[in-house]
1. Provide a single number: the residues in region 34-50 that are among the hydrophobic types (A, V, I, L, M, F, W, C) and either touching a Phe, Trp or Tyr at 6+ places or on another chain (Cβ under 7 Å) or in a loop (DSSP other than H, G, I, E, B) (or both).
2. (1) assigned to a loop (DSSP other than H, G, I, E, B); (2) more than 17 Å from HIS237 (Cα to Cα): which one isn't true of ASP58, the others all being true?
3. Return the pairs, sorted by first residue and then second, in which the second residue is in a helix (DSSP H, G or I) and of a type in the set (A, V, I, L, M, F, W, C), the first residue lies in region 77-90 and is touching a residue at least 24 places away in the same chain (Cβ under 8 Å) and at negative phi, the beta carbons are less than 8 Å apart, and the residues are 6+ apart or on different chains.
4. Can you tell me which of VAL157, VAL162 is β-branched (Val, Ile, Thr), within 12 Å of GLY90 (Cα to Cα) and surrounded by 14 or more Cβ atoms within 10 Å (Cβ to Cβ)?
5. Within the group LYS193, LYS268, which residue is at pLDDT below 95, closer than 30 Å to ALA171 by Cα and loosely packed, with under 15 Cβ neighbours inside 10 Å?
6. What are the residues in region 84-113 that are within 17 Å of the chain's Cα centre (by Cα) and assigned to a loop (DSSP other than H, G, I, E, B), if any?
7. Report, by residue number, each residue of region 196-214 that is of a type in the set (D, E, K, R) and either modelled with pLDDT under 95 or surrounded by 13 or more Cβ atoms within 10 Å (Cβ to Cβ) (or both).
8. Within region 272-302, restricting attention to residues that are outside any loop (DSSP other than H, G, I, E, B), in contact with an Asp or Glu (Cβ under 8 Å, 6 or more places away or on another chain) and modelled with pLDDT of 95 or more, which residue is nearest to ILE74 (Cα to Cα)?
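The values are calculated or read from the model by the stated rules, or taken from the named source; none is laboratory data. A quick note: this is a predicted structure, and the numbers were derived from the prediction, not measured. Neighbour counts run over all protein chains shown; Cβ positions are idealised from the backbone, glycine included.
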Amino acid sequence: MITRRRFLKFLAALGLSGVAVASFAVIETLLQPRITRYSFRPNRWPRDLEVTIAVLADLHACEPWMPAERIASIAEITNKLNADMIVLLGDYAAGHRYVTAAVPSTEWAAALGGLKAPLGVHAILGNHDWWDDKAVQRAGQGVPYGRRALEAVGIPVYENDVVRIKARGGAFWLAGLGDQIAFVPSRRLRPGKRIGVDDLDGTLAKVSDDAPIVLLAHEPDIAARVPERVSLTLSGHTHGGQLRLAGWSPIVPSRYGNRYAYGLVREKSDLIVSGGLGCSIIPIRFGVPPEIVLVTLGGDGANAAKPT
């Protein structure tokens, strides 16, 4: 039988373990991002069309967790990957209240303005970029200040729009979807309902030939509706759940739970969900450190997902 003294020692050890885990979870948010590499040929993707895409998602700029200096450092690391293209998947604005100061959009946008790639730097917005603009929320329409900040440094922002990109071995379409939960509930809107500005059908209707399509969509839930015509969807938003154990996340901001929580999902149309770089709700990460995703499409690469 366990004695009272041994039981108290057990509780003390358990408490210390909890403190250690919590401390590591906070520290992990500040680690230098790892590079997560995917190399494969999606559906409808020509073998001769080889493209590398660097993906940055969910920066959530704020002090002290993601200051402008850290974003500039992430941009420098990304440039050294020598990707053909860089895409930004939204949520540049802070996503929690545990901050010491805000980072103005002009500052985080200037840091991202240092990104360079032969086929360009392309962006979409996330839900927090809409939610953080109170004027747009009140009006129920408008251009969020985050979009204006990105465009001011020369980064195009796509909202239900497409662009045809020529690369070695052919061409492909890059499509950017409007955010799916752009507006939070208010008295003016139906109570309890979040309204998006996404138009998947209208976006894909702008594609005018049979070249493959890469879709940028902040929230991965759209993947359930994406047709086979789209070769690959790139998403963020979930942060991999921020807490991930043995490939499972207890809390995922998705109606599909762990189905679209993180990583490469191979369904009728392929999907990659980035674990992102910043934090939402609370500034902790455990089992899913900050990451930059590097995707190589086409060629003879094996279907693989290998964190490095």
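1. 2
2. (2)
3. LEU88/LEU112; LEU88/LEU150
4. Answer to the check: VAL157.
5. Going through LYS193, LYS268 in turn, just one is at pLDDT below 95, closer than 30 Å to ALA171 by Cα and loosely packed, with under 15 Cβ neighbours inside 10 Å: LYS268.
6. LEU89, GLY90, ASP91, TYR92, ALA94
7. Passing the criteria: ASP198, ASP199, LYS206.
8. Residue satisfying both the conditions and the ranking: THR296.
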